[in-house]
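Trainee: Here's a structure for you.
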Amino acid sequence: MVDRLANSEANSKRIGVVEGCFGAAGQPLVIPGRVLIGEGVLTKLCRKKPKARQFFLFNDILVYGNIVIQKKKYNKQHIIPLESVTIDTVPDEGDLRNGWLIKTPTKSFAVYAATATEKSEWMNHIAKCVADLLSKSGKAPSGEHAAVWIPDSEATVCMRCLKVKFTPVSRRHHCRKCGFVVCGPCSEKKYLLPSQSSKPVRVCEFCFVQLTSAGGGYAPRSDSFGRQGFNSNLSDDDDEDDSSD
Ligand SMILES: [Zn+2]
Ligand SMILES: [Zn+2]
């Protein structure tokens, strides 16, 4: 994380530059009271593989996008309101080191910094911004978050029936509720999860039964499956070809 600017004029100038880097397709970022806390490249775990993304931490939002030209041009802008963010550290595993989860009601994913110092800087700054926002608004921290998707590569067979092998014709799908990689027959049902979409989304048979059972006593995956999805999670936002899965 670099370029922390205390001076407010320099800060709004810098925010203007960031806004310009996203071009006309991006949202306006310069608003009164907004401060750019830090920025840097993080590796975002996507459905197929980890990808470099440029991140900007403001005092109220987290913005990221694809890098077209380093420090000059970004696209596919995503804006996450920090008020709804919770973060969790991810233990190092193999090449994936210095990671943490960014969890929100609409989407959740893992990111990785280049060094342990960078990771703790990012996590500390994000936590501080979220805490400041919540204390200002008097709101409680976000309790609900979207499932973090298990990467395709983690599953060679369906994680629900444990029978169906994935092949080019027997394709992988993701349950929107638990994030598991499942086969078609195990995920024929759709269910309305309003925080994720205005339309019903694909859920696995297990989650469908939980969601529709009387009383709605659904246990989130983090409780019932522990650490399994934790190291290796992702979301799907920049793999448009997979968006129907
Ligand atoms: Zn299956
Ligand atoms: Zn499920």
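Read-outs throughout are calculated quantities, based only on the coordinates presented, and are distinct from any laboratory measurement. Keep in mind it's a predicted model, so treat the numbers as computed, not measured. Counting neighbours? That spans all protein chains shown, and the Cβs are built from the backbone with ideal geometry, glycine included.
Trainee: If R0 is 45 Å, what FRET efficiency do you get for SER213 and ILE79 from their C-beta distance, rounded to 0.05?
Mentor: My answer for the efficiency is 0.80.
Trainee: When ranked by the protection proxy of mean other Cβ atoms within 10 Å per residue, highest first, what sequence do the peptides 21-34, 119-132 form?
Mentor: Most protected by this proxy first, the peptides run 119-132, 21-34.
Trainee: Arrange the peptides 92-100, 178-186 so that the one whose residues have, on average, the most other Cβ atoms within 10 Å appears first.
Mentor: 178-186, 92-100
Trainee: Further question on the same structure: Considering the options PRO28, GLY38, ASN124, tell which one lies farthest towards the positive end of the dipole of segment 8-137, charges being +1 on Lys and Arg and -1 on Asp and Glu at the Cβ, about the Cα centre.
Mentor: Comparing the listed Cα positions along the dipole, PRO28 ranks first.
Trainee: Once the dipole of segment 87-178 is set up with Lys and Arg at +1 and Asp and Glu at -1 on Cβ about the Cα centre, which of HIS145, LEU134, THR89 lies farthest towards its positive end?
Mentor: Selected residue: HIS145.
Trainee: So how strong a dipole does segment 8-137 carry about its Cα centre when Lys and Arg Cβ are +1 and Asp and Glu Cβ are -1, to the nearest 20 debye?
Mentor: Once rounded to the nearest 20, the dipole reads 580 debye.
Trainee: Excluding residues fewer than 8 places away in the same chain, name every one of the lysines whose C-alpha is closer than 17 Å to that of LYS73.
Mentor: Output for LYS73: LYS13, LYS51.
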